[in-house]
Amino acid sequence: MQSPPAVLEPPDEPDAALSPLLPHRSQLPVTRAGSLLLLRGLLGAGAGGYAAEVAAGRAPLWIAADSTGDIEAALAFAGEAGFTAVLVGALEAGAMSREIAESKLPVVLRWPTLPGRVTRSESAEEEAVRSRALVNPRLLAGRGVPFALTADPSALPQLLFVAASAAAEGLAPERALAAVTSEAARIAGVDDRVGALLPGRDGDLVILSGAPHDLRAVPVATVVDGSVVWERRASAATLVVRAAEVHLGDGRVLAPGEVALQDGVEVGPTVGVPPGAEIVDLGAGAVMPGMIDAFSHAGLAGTSGGSGGDLTTSFSASKAVDPQDPAFALLAGRGVTTILTAPGGNGRVAGRASVVKTAGPWPGRRVLREDAGMVVRLRDEADLAAAASQIEGAVKQARDYRAAFEKYAKEKKEYDDWKRKRDEEAQKAAAEKARQDAEKKAAEKKDGEKKDGAPEEGQDGDKKGDAKSEKKEEAKPEAPKEEEKEEPRRPKTNEALEGWAPVLDDKAPLLVRARTFEELRAALKLLSEVKLRGALVGGDDARRLRTQILGAKVPVIASPSVLVTEPGGDVNLLRELALSGIPAAVGSDSYLGGHELRDLLAFAVRSGLAPATAVKMVTGDAARVLGVGDRVGTIAAGRDADLLLLSAPPFAPGSRILRVFVGGEEVLRDAR
C-alpha cells in the first residue's frame, strides 16, 4: 500500500444543501516508507508538470527532512533515484553533516528560532534539538556543504537578522551573508540574474544602515531592477551618530563610539539603533559635549549694565538678558552652548551672575541657574585691603539686613504666640462671665419665687435671705492685667540686599575677580573672613598658590590667556592649572570672545595641554564649577543633549563643527 486509506468525515447533521455528505478524502502518507513510495510513484513513468521536470533532471527535487532518520532516508532516495535534490529544513543537519557532505546535496537550512520571540518547545529533547540546530550553519560550512538560510514564514522579513544570528553562532560573517544572497541564488538556479552585485546581473540590492553582519543593521532602501521600490522614512526624533572619537566630557574618550538622541541621550561603544533612525557616520570625526564659557557677558548688551558694566544686586543677570541678542547665535554656531553670563564692570560689587544656554525657548529650560554667584572685584585694585574691606562691608550689610529680618521673625512669632494666648484667655473669661451671669439670673428667678410664699417683712426669713444675697454679691478681687505688648515693626525691604540671599544661603558662590598672586591671596583671605563659598575668576597665578587654593577648596575660572613669558621661558597657564589639581574652567571674560574658545584651547593643546583635558575644562569641569553638572557638560543618560559633531578630533588641524545640538534640537548644520 502506498498510502493510508481514504477517510470519510461526515458532518454532525448532514444536510443536502448546507452540509452534504462528501466523497472520501485521500490521506497523505504518515510513515517515511509510505512517503518514499508516494514519491517514486509521482516521479515514475507518465509523470507530468514539475514532476516531469524533476524526472528529466531539469529541476531539483526539494525534500523536506528535519530529523536524522528523515535526512538519512532523503539522502538514500536521492542517491538511488539519481535525481538532483535539495534538502530543506534539516533541523538535525549537524549530526548528519558528514553524510550530507558525501552526498554533495545542497541544503536550505531553516533557522530554529523566531527573531524577537521565545520559541517554546514541547519537551526537553525538542529543545535540545533546537539548541543544537543553532550551530548547523557553522558545521555544514566546515564540511564544505553548500547551503542557504531561511526562516519560518512569519520571520522572513528578518532574514538579515537570521544571517547575523548565524554569524553570532560562529559562522563567518561573509559566509552568513552569502547564505541569504549568492548561495541562495545558486541553489535556486537563478544565480545568473540575482544574488550578487556583478556586471550583467539584475539591479537588485538593499542599502543597509550598517555592516550586514551587525545585528543592529536595518534596511534603509530596497532597489529592484534598478528602481527604488521601498525606502525607510527616518524619524526626526531619532538620531544615531557614529564617530572615531566620542569625548564624554569627563576625560574619557570612546574610540570609536556612538551617540543616540531620542528623548534623551544614549552613549557607548555601540548603541541601539531603532528602526527609522537617522544615522550619521562621521567616519574619522568626533562628538563632544557643547562647550561652556564659564565667565561671559553675552546677552547683556543694551541693558542698564551694558556688555561690560555692572548690574544692581536687586535682580539676577538672567532678568537683564536679551534672549534675542545676536551674540547667542554666534556663540552657538561656534560650539558654545552654555555660558555663565555676568556683569563685567569696575564696581567692587558688580552684581549677580546666571547660567543660561545660547539657544532654545526663553526662559524654559534655557535658564539653568538664575542665581549662579555674586560677582565682586579685587582685580586691578591699587589698594587691595580697602577693596576687600568694602566687599566685607557689603557682606556685613547683607548679613545685618538678614539678621534684622531674622530678629523680626522671632519677635513676630513671640508676639503672635502672646496675642493668641491672650485672645484665648479673653474668650475663656467671657465664657466664664456668661456662665456666671446665667447662674445669677437663674438664682434671682428662684429667689423671687420663694419670696412669693415667704413670711412678712421683719421676720427671721427676710433676714436670712438678705444675708445670703449680701454674701453672693460680695465683689471678687480682679486678677492683675497683663502688660500689653507692642507688635514688632517689619524692617523695610531692600531688594539690593535681598539679592545676597543665595550667597548667604550657600546656594551660590562669591565670584571673586582676581588674577595676580597678591590679588589671589587677598581673595582667599576675603573668602576666609566672610566665611562664604567662592570661586576665583582669572587666576593667572593660581599655580603659585596651589596649596592654599586646594586647602580652601576654591575652584578657578581661568582667564582667556594661554602663554605667559617668564624668565625661565613660556608657561602654559591652562596646562599648569590642569596639572595643579585645582578644579578649573575657562571663561572668555568678554561679550563675544567665547566664540574663540575652541581656538584658544587648540593653542593650549599645541603648547602642551592634553586634548582630553582641554575638552574636559570647557565641558564637564566647567559644568561642575558652575553647579550645573546634572544638566550639561557630559554626554550621559539623563543629561541635556547638547552636542557638537565635528569633522575630525576637536583640535585636529582643519577640524570643523558640522552640526550643533542644544537640548536635542539642531541649531546649526554646516552646509559645506
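The values are calculated or read from the model by the stated rules, or taken from the named source; none is laboratory data. The structure displayed is predicted, hence computed values, not measured ones. For neighbour counting, all protein chains shown are included, and Cβ atoms are generated from backbone atoms with ideal geometry for every residue, glycine included. Keep in mind that these areas ignore ligands, DNA and RNA; they rest on the heavy atoms of the full protein, side chains included. Shrake-Rupley method; radii C 1.70, N 1.55, O 1.52, S 1.80 Å.
Each row is one residue, and each column tells you yes or no for (1) of a type in the set (D, E, K, R); (2) closer than 21 Å to Val625 by Cα; (3) out of contact with any helix residue (DSSP H, G or I) (no Cβ under 8 Å at 6 or more places or on another chain).
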residue: Phe315; (1), (2), (3): no, no, no
residue: Pro323; (1), (2), (3): no, no, yes
residue: Gly344; (1), (2), (3): no, yes, yes
residue: Val355; (1), (2), (3): no, yes, no
residue: Ala382; (1), (2), (3): no, no, yes
residue: Ala403; (1), (2), (3): no, no, yes
residue: Glu406; (1), (2), (3): yes, no, yes
residue: Ala409; (1), (2), (3): no, no, yes
residue: Arg420; (1), (2), (3): yes, no, yes
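Condition first: part of a helix (DSSP H, G or I), under 14 Å from His247 (Cα atoms) and small (Gly, Ala, Ser). Can you find one or more residues in the range 618-630 that meet it?
yes
What residue, among those in the range 217-236 that are of a type in the set (Ser, Thr, Tyr) and at pLDDT 80 or above, is surrounded by the fewest Cβ atoms within 10 Å (Cβ to Cβ)?
Ser227
Only residues that are open to solvent by 30 Å² or more (accessible area, probe 1.4 Å), touching a residue at least 24 places away in the same chain (Cβ under 8 Å) and over 17 Å from Leu573 (Cβ atoms): list them for the range 613-633, please.
Within the range 613-633, Arg624, Gly627, Arg631 meet the criteria.
Those residues that are surrounded by fewer than 17 Cβ atoms within 10 Å (Cβ to Cβ), of a type in the set (D, E, K, R) and within 21 Å of Ala151 (Cβ to Cβ), I need them from the range 172-201; list them, please.
Glu174
Across the range 285-300, what is the total count of residues that are over 21 Å from the mean Cα position of the chain (by Cα) and crowded, with 24+ Cβ neighbours inside 10 Å?
Number of matching residues: 8.
Please enumerate the residues belonging to the range 202-216 that are in a loop (DSSP other than H, G, I, E, B) and either among the small types (Gly, Ala, Ser) or open to solvent by less than 80 Å² (accessible area, probe 1.4 Å) (or both).
Of everything in the range 202-216, those that are in a loop (DSSP other than H, G, I, E, B) and either among the small types (Gly, Ala, Ser) or open to solvent by less than 80 Å² (accessible area, probe 1.4 Å) (or both) turn out to be Asp202, Gly203, Asp204, Ser209, Gly210, Ala211, Pro212, Asp214, Arg216.
If you go through the range 359-378 one residue at a time, do you hit one that is within 48 Å of the chain's Cα centre (by Cα), loosely packed, with under 14 Cβ neighbours inside 10 Å and within 23 Å of Thr493 (Cβ to Cβ)?
For the range 359-378, residues within 48 Å of the chain's Cα centre (by Cα), loosely packed, with under 14 Cβ neighbours inside 10 Å and within 23 Å of Thr493 (Cβ to Cβ): absent.
Of the residues Leu248, Leu261, Leu282, which is crowded, with 20+ Cβ neighbours inside 10 Å and out of contact with any Gly (no Cβ under 9 Å at 6 or more places or on another chain)?
Just one listed residue meets the conditions, Leu282.
So is Ala353 part of a helix (DSSP H, G or I) and in contact (Cβ under 8 Å) with a residue 24 or more places away in the chain or not?
So Ala353 does not fit the description; no.
Provide a single number: the residues in the range 634-672 that are part of a loop (DSSP other than H, G, I, E, B), crowded, with 24+ Cβ neighbours inside 10 Å and more than 19 Å from the chain's Cα centre (by Cα).
Residues that pass the stated criteria total 1.
Of all residues in the range 405-435 being basic (Lys, Arg) and either open to solvent by less than 100 Å² (accessible area, probe 1.4 Å) or modelled with pLDDT under 90 (or both), which is farthest from Glu498 (Cα to Cα)?
This residue is Arg422.
Looking at the range 90-132 only, could you name the residues that are of a type in the set (A, V, I, L, M, F, W, C), outside any helix (DSSP H, G or I) and exposed (fewer than 14 other Cβ atoms within 10 Å of the Cβ)?
Scanning the range 90-132 gives a single hit, Val118.
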